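The values are calculated or read from the model by the stated rules, or taken from the named source; none is laboratory data. Because the structure is predicted, anything quoted here is derived from the model rather than measured. Cβ placement follows ideal geometry from the backbone for every residue including glycine, while neighbour counts extend to all protein chains displayed. Heads up: the accessible areas ignore ligands, DNA and RNA and are worked out on the full protein's heavy atoms, side chains in. Shrake-Rupley method; radii C 1.70, N 1.55, O 1.52, S 1.80 Å.
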Amino acid sequence: MLHNRQKIQELKLAYQQTLANQLVTAVLIIDESLKICYANPAAEALLIKSMYKLYGCSFELIFANTSITKKRLLQLLATGQEFTGSDIVIECSEAHRFTAEITASSVEFDRVPHVILEFKQIDQQKQISLEVFQQQQWIAARDLIKGLAHEIKNPLGGLRGAAQLLNKELSPDQQEYTAMIIEQADRLTNLVDRLLGPNQLPQIQSHNIHSVLEKVSQLVSYSSEKNIELQRDYDPSIPNIECDQEKVQQAVLNIMNNAIQAIEEKNTITLKTRIASNKTINGQQVKLAAQISIIDDGPGIPVNIQDTLFYPMVSGRSNGTGLGLSISQTLINQHHGKLSCHSRPGHTEFIILLPLNQE
Ligand SMILES: Nc1ncnc2c1ncn2[C@@H]1O[C@H](COP(=O)(O)OP(=O)(O)O)[C@@H](O)[C@H]1O
Ligand SMILES: [Mg+2]
């Protein structure tokens, strides 16, 4: 019996020692001073950093700008109350970003409390189905608003026409009322037209993406009251793309205008272009795409509208219409491309992907 017990104890220790190295789940252990003191091989692989690189670094090296904060970790160390977080975006470098589910718990080593962070990358399939789901929601919202706009537009024409006819029958001071009806009907028609969105089919031609972007920059610099620094980070090797120049310009312009409205003169906007390979666009695999990023270092998009940002009539500004991004989305969709956004205070990035012809 005693013999058995000892054997089990030994086995337990041996398994415990090797287990952490075999797990698929990434594990990081953080000490009392919030420095990383262990990373299992799965964590090294996921973060593309070896244990030698990670050892002794602050947890913020990995978890800066996430909901894993110093305060929460200290609280965990003090109380032992574990917590979980889903959809945590970890940015190891500009090019390596992934979404993870994280469980944080505490454990004692040599009588000192440590934090164990277990995390799993939310696999790509889940990410893709989320994107497809959001796309469907967006289409449903857009169609609803379009349907409604059509229903309003037809009687509005009749109303305006009737007021015009009536206008002729009335005395000059009564005409004030008909003028008011006409004016308000025009205002509504204008709104409804914008709700209906772009309706012409794109006129596709071959264009240099950088000349399209330069046009937008020029427009922005003429029309904007703020004097904002614009930086360019272009990849000149991007081949011409097949697109409707005006539509892509409009899509970028809406995004740039939002950035300008959100930031102050001390901030900058960066226009960045790259070639992207093997991207999924609305659930479909695309081998090569031109990637245009519009980045600003302003306050970021309000958290409460981030999930519905591209829906029509979602705005964070008191005088906004909430149509700019919805229109940009429609225009990019007409090019079979994708518009997405990552935002946190200090870094807001809108990414346009336009598939490249593969000849
Ligand atoms: N670069 C940005 N920085 C901060 N907030 C932004 C940025 N871009 C968009 N937003 C937010 O998204 C909202 C929706 O934008 P949009 O669809 O163009 O509508 P509108 O500009 O009429 O409000 C804006 O009101 C703003 O709150
Ligand atoms: Mg706008």
- Cβ under 14 Å from Ser67's Cβ, Ser67 left aside: what net charge do those residues give with Lys, Arg +1 and Asp, Glu -1? 0
- Mean residue ellipticity (222 nm) of the chain, computed from DSSP H runs ≥ 4 via -39,500 (n - 2.57), nearest 500: -15000 deg cm²/dmol
- Query: With all protein chains present, how much of the accessible area of the range 2-122 (probe radius 1.4 Å) comes from carbon and sulfur, to the nearest whole percent?
  - Reply: 52 percent
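Run the dipole for the chain about the Cα centre, Lys and Arg Cβ at +1, Asp and Glu Cβ at -1, nothing else charged, and hand back the magnitude in debye, nearest 20.
Values: 32 positive and 38 negative charges, 164 e Å.
Computed about the Cα centre, the dipole is about 780 debye.
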- Message: Going by Cα centres, the range 169-222 and the range 100-140 are how many Å apart?
- Response: 44 Å
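Taking all protein chains together and a probe of 1.4 Å, list Val112, Val303 from the most accessible to the least accessible. Can you show the working numbers first?
Values: Val112 50, Val303 125 Å².
Result of the area sort, largest leading: Val303, Val112.
What relative contact order, as a whole-number percentage, does the range 55-202 give when Cα pairs under 8 Å and 6 or more residues apart are counted? If you can, show how the numbers build up before the last one.
Numbers: 126 pairs, mean separation 20.9, N = 148.
Across the range 55-202, relative contact order equals 14 percent.
Ignoring ligands, DNA and RNA, what percent of the accessible area of the range 132-196 is carbon or sulfur (1.4 Å)? Please list the in-between numbers first.
Numbers: 2730 of 4600 Å².
Answer for the range 132-196: carbon and sulfur cover 59 percent of the accessible area.
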- Net charge over other residues, Cβ less than 15 angstrom from the Cβ of Leu354 (K, R count +1; D, E count -1): +2
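Considering only protein heavy atoms, what per residue accessible area in square angstrom results for the chain with a 1.4 angstrom probe?
Working: 21560 Å² over 359 residues.
Heavy-atom SASA per residue in the chain reads 60 Å².
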